[in-house]
Amino acid sequence: MTYWIAPSILSADFSRLGEEIRAVLDAGADLIHFDVMDNHYVPNLTIGPLVLESLRRSGIDAAMDVHLMVKPVDRLIGDFLSAGADIISIHPESTEHLHRSLSLIREGGAKAGLVFNPATPVDQLTEVMDLVDLVLIMSVNPGFGGQAFIPSSLNKVANARELIDASDRDIRLEIDGGIKAGNIADAARAGADTFVAGSAIFSAFSGDPAADRKTAYGDVITAMRSELAGV
Ligand code: DX5
Ligand code: ZN
């Protein structure tokens, strides 16, 4: 099993976004989780395709895992495809026509992700399994970083793992919300292979001029990997 760690830039210092992303990549991140919020689907507002485009122009070529928490979603799928997203994940509640929205992502050349909120059943996955490259289980309600992990999401990860294994398809299983070194192994044992972590990673840098971002983030990522090695 190859585990991937995906730092969420929601908890990064936005005034130094490029520097933060380079530091976390140098520290061993596998991909960058890019949270997009619209103050409509979720009660918060973050960043859009122009920011991704600008990061690409600055030379950042790491895999970008774009998590869309916006409604309606279809037009922004196109904008994020043009901006350089590698994975685009959407919530079923954010579109009237899930099959069409997932197809748009694939047709645009990106990998398609389907996200399940804590109260959304995973059953719908079976209807669109052939259109999905990644399943994302939310272990908090979407909208904010730094929230407490919801323990029942481990059952949902296990259910999603069963559906994915039964399909025999190459689908990643990601978990997002409240992940840290202390619970990442539980998530892996439930069946997750891709781990989003925002506050756990970015809060490790104190801001002290003597401290080094890469070292601070690297310490957390190393602690997470050593937990995963014990699974
Ligand atoms: C929440 C976002 C998460 C968030 C996770 O809506 O989707 O990606 O950044 O943050 P932590 O790891 O702090 O829970
Ligand atoms: Zn997210």
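The values are calculated or read from the model by the stated rules, or taken from the named source; none is laboratory data. From a predicted model like this one, the values you see are computed outputs, not experimental measurements. All Cβ positions, glycine included, derive from the backbone under ideal geometry; neighbour counts span all protein chains shown. Protein only, heavy atoms only, side chains kept; ligands, DNA and RNA dropped before computing areas. Shrake-Rupley method; radii C 1.70, N 1.55, O 1.52, S 1.80 Å.
Quick notes on this one:
- Summed side-chain charge close to PRO121 - residues other than PRO121 whose Cβ falls under 14 Å, Lys, Arg +1, Asp, Glu -1: -3
- Near-label residues of segment 61-80 by backbone N, under 11 Å of a point 7 Å along Cα→Cβ of ASN141: none
- Carbon + sulfur, % of accessible area of the chain - ligands and nucleic acids excluded, 1.4 Å: 49 percent
- Taking all C-alpha pairs of the chain, those more than 25 Å from each other amount to 36 percent.
- Remark on segment 1-124: ratio of C-alpha radius of gyration to 2.2 N^0.38 Å is 1.04.
- Contour minus Cα-Cα distance for ARG57 and SER226 (0.36 nm per residue): 57.4 nm
- Calculated mean residue ellipticity, 222 nm, the chain: -11000 deg cm²/dmol, from DSSP H runs (n ≥ 4) at -39500 (n - 2.57) each, averaged per residue and rounded to 500.
- Between the residues SER101, GLN124, LEU55, the greatest Cα displacement towards the positive end of the dipole of the chain, with unit charges on the Cβ of Lys, Arg, Asp and Glu, is found for LEU55.
- Probing with 1.4 Å while keeping every protein chain in the model, the per residue accessible area of segment 116-231 equals 44 Å².
- Potential extension, GLU93-ASP165 segment - 0.36 nm per residue separation minus Cα distance: 23.4 nm
- Paramagnetic reach from ASP13 in segment 49-64 [backbone N under 19 Å; point 7 Å along Cα→Cβ]: 55
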